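Participant: Before I ask anything, here is the structure I am working with.
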Amino acid sequence: MARVVVVGAGVGGLCAAVRLGAAGHTVTVLEAAAEVGGKLGSYARDGFRFDTGPSLLTWPEVFADTFAAAGAALAEFVELAPVHPAFRYRFGDGTWLEVPNAPPRQVADALGDQLGGRAAADWLAFSAHAARVWQAVRGPFLSGPLNGPLDLVRYSRRLRDLAAIAPWRTLHGTGQRFLRDPRLRVLLDRYATYCGSDPRRAPAALAVVPWLEQSHGVWYVRGGLRRLADALTGLIEHQGGRVRTGAEVTAVRLDGGRAVGVTLAGGPPVAADVVVCNTDATALYTRLLPPAVAAGPLRRLRRATPSLSGLTLLLALRGRTPGLIHHTVLFPRDYDDEFDSIFAASPRPVPDPAVYVTNPDDPTVRPSAADEAWFVLVNAPRHDPGAGVDWNTPGLASSYADAVLTTLARRGLDVRDRVRWRVVRTPADLATTGAPGGSIYGTSSNGLRAAFLRPANRTPVPGLFLVGGSTHPGGGLPLVAQSARIVAGLVGPA
């Protein structure tokens with residue numbers, strides 16, 4: 001039995017703690033904030049309640065497996081509700097598209113009915129390709145550690161597996177290859193933002209993301225996705241583990257080159273045989289380890305492109321919007337400009353961004369049936385006062401929020417006269433949660449070698465491991481839970 005300290009109570013840290021507790025280890029989770037959840041946060045005021053992180057859950061089997069590892073059932077802790085329809089899109093030419101929460105063939109039929117032409121046949125061909133990619137990556141690549149390009153070759157046991165993954169092709173290139181309707185190519189490009197990346201530079205393997213949504217469903221947690229973090233915390237404590245909030249870790253303690261615990265701000269050190277860091281990888285290597293130890297990983301991190309960030313509006317609205325569904329995406333005419341603006345050498349707030357609107361049909365998130373609680377997101381460059389955008393510039397957040405509301409109005413959702421109050425959160429605010437510059441996913445997946453520049457789950461320090469969206473296999477709730485599974489396998493049973 002090992003003493004395990006998990007630094008950070010984000011979803012990755014909580015999932016790792018559950019699995020390590022189930023393996024017989026003694027687990028203590030240390031969280032600097034007053035609440036658990038990390039980016040899976042919430043905000044409540046005047047009877048309105050908002051998820052401030054992910055708005056949907058895909059591939060729920062990963063979480064069911066996490067709970068099952070501890071002898072529990074996910075359904076005993078949270079209620080998952082399918083979201084129907086899955087998404088509604090408005091494209092730059094003014095056309096609308098509704099995507100059902102259904103398997104790929106039914107989705108293809110819906111696309112054909114609404115867009116005509118070859119949309120249905122093209123989406124079926126794309127989905128068949130995405131299914132082949134999934135079969136190639138789902139086992140060893142998404143369930144095991146990745147330490148370099150040779151691992152990809154080793155995991156791709158057959159030449160056709162490597163051809164399916166196509167590490168030399170981008171997601172945007174895949175859209176051009178399979179989808180003749182430019183609106184479908186825009187729709188596919190959007191999935192690069194799931195890992196904070198530019199679709200023109202992100203890997204073609206991201207084609208599995210829409211396929212996963214359509215094959216495994218799109219789900220919402222009743223009461224808000226924040227309840228998932230609460231459920232994981234309860235499971236840890238039920239196993240005999242301990243979750244401490246308000247416990248800021250200032251250093252990983254080393255002895256003989258091995259991790260032996262952590263140092264706390266204003267408290268005694270905590271000894272451990274194993275330390276699992278659910279902090280951003282850059283934060284681990286710049287703040288928690290000695291420079292000599294962190295030098296190698298930091299060199300690799302500096303060769304990678306930081307992920308995009310986001311600006312969010314929490315809108316407490318009076319009145320209801322006829323026909324508005326859970327998740328609506330409003331695209332601009334020039335989607336490429338969004339990525340040009342964010343990933344440019346001199347980035348800028350996107351002049352005409354895609355706007356994501358989440359409006360859960362959940363009576364627990366609003367004070368009455370005559371109100372709505374909207375979470376609005378636009379992609380944004382990270383907070384970088386020295387070389388990019390300083391989101392703390394007086395007036396910038398408020399004026400840009402006004403511009404987003406104007407953009408919503410121009411695209412058919414004018415709520416400016418219905419706003420009771422709003423809360424604006426910028427990349428600078430995200431940066432205060434431990435994400436450097438507010439980069440939501442740590443590093444992006446931009447570039448052919450991006451997957452190998454992402455820090456490994458096993459650090460160069462014996463006994464020290466990384467879990468979460470900034471490490472392998474990447475960001476997003478399902479992959480974060482997978483990183484916890486990988487780390488638990490590396491640590492092994494008690």
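Participant: Applying the selection to the stretch 259-297, what residues are over 26 Å from the mean Cα position of the chain (by Cα) and part of a loop (DSSP other than H, G, I, E, B)?
Facilitator: Hits for the stretch 259-297 are ALA265, GLY266, GLY267, PRO268, PRO269, ALA272, ASP273, PRO290.
Participant: Let me ask something else. Do you know which residues across the stretch 188-203 are surrounded by fewer than 23 Cβ atoms within 10 Å (Cβ to Cβ) and either at pLDDT below 95 or of a type in the set (A, V, I, L, M) (or both)?
Facilitator: Filtering the stretch 188-203 for residues surrounded by fewer than 23 Cβ atoms within 10 Å (Cβ to Cβ) gives 190-191, 194, 200-201.
Correct list: TYR194, ARG201.
Participant: Are there any strands (runs of 3 or more DSSP E) wholly within the stretch 165-257 with 1 or more residues that are of a type in the set (Lys, Arg), and if so which?
Facilitator: Numbers: elements: 218-221, 242-245, 249-255.
It comes to 242-245, 249-255.
Participant: Of everything in the stretch 298-335 that's in a helix (DSSP H, G or I) and open to solvent by less than 40 Å² (accessible area, probe 1.4 Å), which residue is nearest to VAL355 (Cα to Cα)?
Facilitator: So in the stretch 298-335, the residues in a helix (DSSP H, G or I) come out as 298-303, 335.
Then drop every residue that is not open to solvent by less than 40 Å² (accessible area, probe 1.4 Å), which leaves 298, 301, 335.
Values: LEU298: 34, LEU301: 30, TYR335: 11 Å.
So, considering only residues that are in a helix (DSSP H, G or I) and open to solvent by less than 40 Å² (accessible area, probe 1.4 Å), the one nearest to VAL355 (Cα to Cα) is TYR335.
Participant: Still on this structure: Report yes if LEU179 is more than 30 Å from ASP65 (Cβ to Cβ) and either of a type in the set (A, V, I, L, M, F, W, C) or touching a residue at least 40 places away in the same chain (Cβ under 8 Å) (or both), otherwise no.
Facilitator: yes
Participant: Going through the stretch 27-54 one residue at a time, which ones are over 20 Å from GLY267 (Cα atoms) and open to solvent by 30 Å² or more (accessible area, probe 1.4 Å)?
Facilitator: First pass over the stretch 27-54, keeping only residues over 20 Å from GLY267 (Cα atoms): 37-54.
Matches in the stretch 27-54: GLY38, LYS39, SER42, TYR43, ALA44, ARG45, ASP46, GLY47, ARG49, THR52, PRO54.
Residues checked against (1) more than 22 Å from the chain's Cα centre (by Cα); (2) more than 29 Å from VAL275 (Cα to Cα); (3) basic (Lys, Arg):
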residue	(1), (2), (3)
ALA22	yes, no, no
THR26	yes, no, no
GLU35	no, no, no
LEU40	no, no, no
ALA72	yes, no, no
ALA75	yes, yes, no
ASP93	yes, yes, no
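Participant: Can you tell me which residues in the stretch 336-364 are open to solvent by 30 Å² or more (accessible area, probe 1.4 Å) and farther than 17 Å from TRP391 by Cβ?
Facilitator: Of everything in the stretch 336-364, those that are open to solvent by 30 Å² or more (accessible area, probe 1.4 Å) and farther than 17 Å from TRP391 by Cβ turn out to be ASP336, ASP337, ASP340, ALA345, ASP352, ASP361, PRO363, THR364.
Participant: Right, something else. Could you please find all residues in the stretch 300-355 being in contact (Cβ under 8 Å) with a residue 60 or more places away in the chain, in contact with a strand residue (DSSP E or B) (Cβ under 8 Å, 6 or more places away or on another chain) and not hydrophobic (A, V, I, L, M, F, W, C)?
Facilitator: At the first step, the residues of the stretch 300-355 found to be in contact (Cβ under 8 Å) with a residue 60 or more places away in the chain are 300-301, 303-319, 321, 324-336, 339, 342-343, 354.
Subsequent filtering for residues that are in contact with a strand residue (DSSP E or B) (Cβ under 8 Å, 6 or more places away or on another chain) retains 301, 304-319, 321, 324-331, 342, 354.
Of everything in the stretch 300-355, those that are in contact (Cβ under 8 Å) with a residue 60 or more places away in the chain, in contact with a strand residue (DSSP E or B) (Cβ under 8 Å, 6 or more places away or on another chain) and not hydrophobic (A, V, I, L, M, F, W, C) turn out to be THR305, PRO306, SER307, SER309, GLY310, THR312, ARG318, GLY319, THR321, HIS326, HIS327, THR328.
Participant: Taking VAL404 as the residue in question, decide whether it is of a type in the set (A, V, I, L, M), more than 24 Å from TYR191 (Cα to Cα) and either open to solvent by 40 Å² or more (accessible area, probe 1.4 Å) or out of contact with any Cys (no Cβ under 8 Å at 6 or more places or on another chain) (or both).
Facilitator: Values: of a type in the set (A, V, I, L, M): yes; more than 24 Å from TYR191 (Cα to Cα): no; either open to solvent by 40 Å² or more (accessible area, probe 1.4 Å) or out of contact with any Cys (no Cβ under 8 Å at 6 or more places or on another chain) (or both): yes.
For VAL404, the condition - of a type in the set (A, V, I, L, M), more than 24 Å from TYR191 (Cα to Cα) and either open to solvent by 40 Å² or more (accessible area, probe 1.4 Å) or out of contact with any Cys (no Cβ under 8 Å at 6 or more places or on another chain) (or both) - is not met.
The values are calculated or read from the model by the stated rules, or taken from the named source; none is laboratory data. Computed from a prediction, not measured in an experiment: that's the story for all the values here. Cβ atoms come from the backbone with ideal geometry, glycine included; neighbour counts cover every protein chain shown. In case anyone asks, the SASA skips ligands and DNA or RNA and just uses the protein heavy atoms, side chains included. Shrake-Rupley method; radii C 1.70, N 1.55, O 1.52, S 1.80 Å.
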